[in-house]
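The values are calculated or read from the model by the stated rules, or taken from the named source; none is laboratory data. Not measured: the values here are computed from a predicted model. Reconstructed Cβ throughout: ideal geometry from the backbone, glycine too, with neighbour counts over all protein chains shown.
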Amino acid sequence: MAHHGSPQIVSLADPYVYQTIHKLIGSRLIIQTVRRIFRGRLIDATPDHIAIEENCDHVFYIRNRHMVSVMPDYTERV
């Protein structure tokens, strides 16, 4: 229970962003974050983060608040 005047952490998730990204599960995407660019297949989406699989062997969990842009990846992977 929080005491009156004590700081609280509040994190807001944009439901429209979550709904749109959730519809893209299974799609190949390019995700730009504040640190790097990820290319892979979106395998999960939650209101807080997404999971993207690169090269069928690495899964990265990216917080939605760190995403700068999301684009479809139309390049063919062999």
Here's a check for you: in segment 42-66, which residue that is among the β-branched types (V, I, T) and closer than 11 Å to H22 by Cβ is nearest to the chain's Cα centre (by Cα)? I50
Among T46, T33, T20, T75, which is among the polar types (S, T, N, Q) and either modelled with pLDDT of 95 or more or in contact with a helix residue (DSSP H, G or I) (Cβ under 6 Å, 6 or more places away or on another chain) (or both)? T33
